[in-house]
Amino acid sequence: MNELLIIIAMVSLLLMMLNIRKNTLTIPIKAFLSTLLFSLALICFMSVYGILGGAICTVVGAMLAGLLTAVIAGKAPQLLG
């Protein structure tokens, strides 16, 4: 069960980062969806690691998802070469 919650949290963080980079949505819709996905990831991580550990894992996971999204979108070529 814990592995499933961690996978759900990481997928929601990755979707949040891809949502931020999407140009077809308006800013209020992006903010609402990003807040919703971040909250889902926070709840999943908190149920696995506890309150403090879940908050730390969510922030770190969001940073890693942002980095992965930048590499996928080709916005960070200096990281690969």
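With contacts taken as Cα pairs under 8 Å at a separation of at least 6 residues, the chain carries a relative contact order of 33 percent.
Probing with 1.4 Å while keeping every protein chain in the model, the per residue accessible area of the chain equals 66 Å². Rolling a 1.4 Å probe over the protein heavy atoms of the chain, with every protein chain left in place, gives an accessible area that is 78 percent carbon and sulfur. Take the Cα of ALA70, step 7 Å toward its Cβ, do the same at LEU18, and the gap between the two points is 2.0 nm. The alpha carbon convex hull volume per residue for the chain rounds to 92 Å³.
The values are calculated or read from the model by the stated rules, or taken from the named source; none is laboratory data. What you see is a predicted model; the values in this text were computed from it and never measured. Note that we place each Cβ from the backbone using ideal geometry, even for glycine, and neighbour counts take in every protein chain shown. In case anyone asks, the SASA skips ligands and DNA or RNA and just uses the protein heavy atoms, side chains included. Shrake-Rupley method; radii C 1.70, N 1.55, O 1.52, S 1.80 Å.
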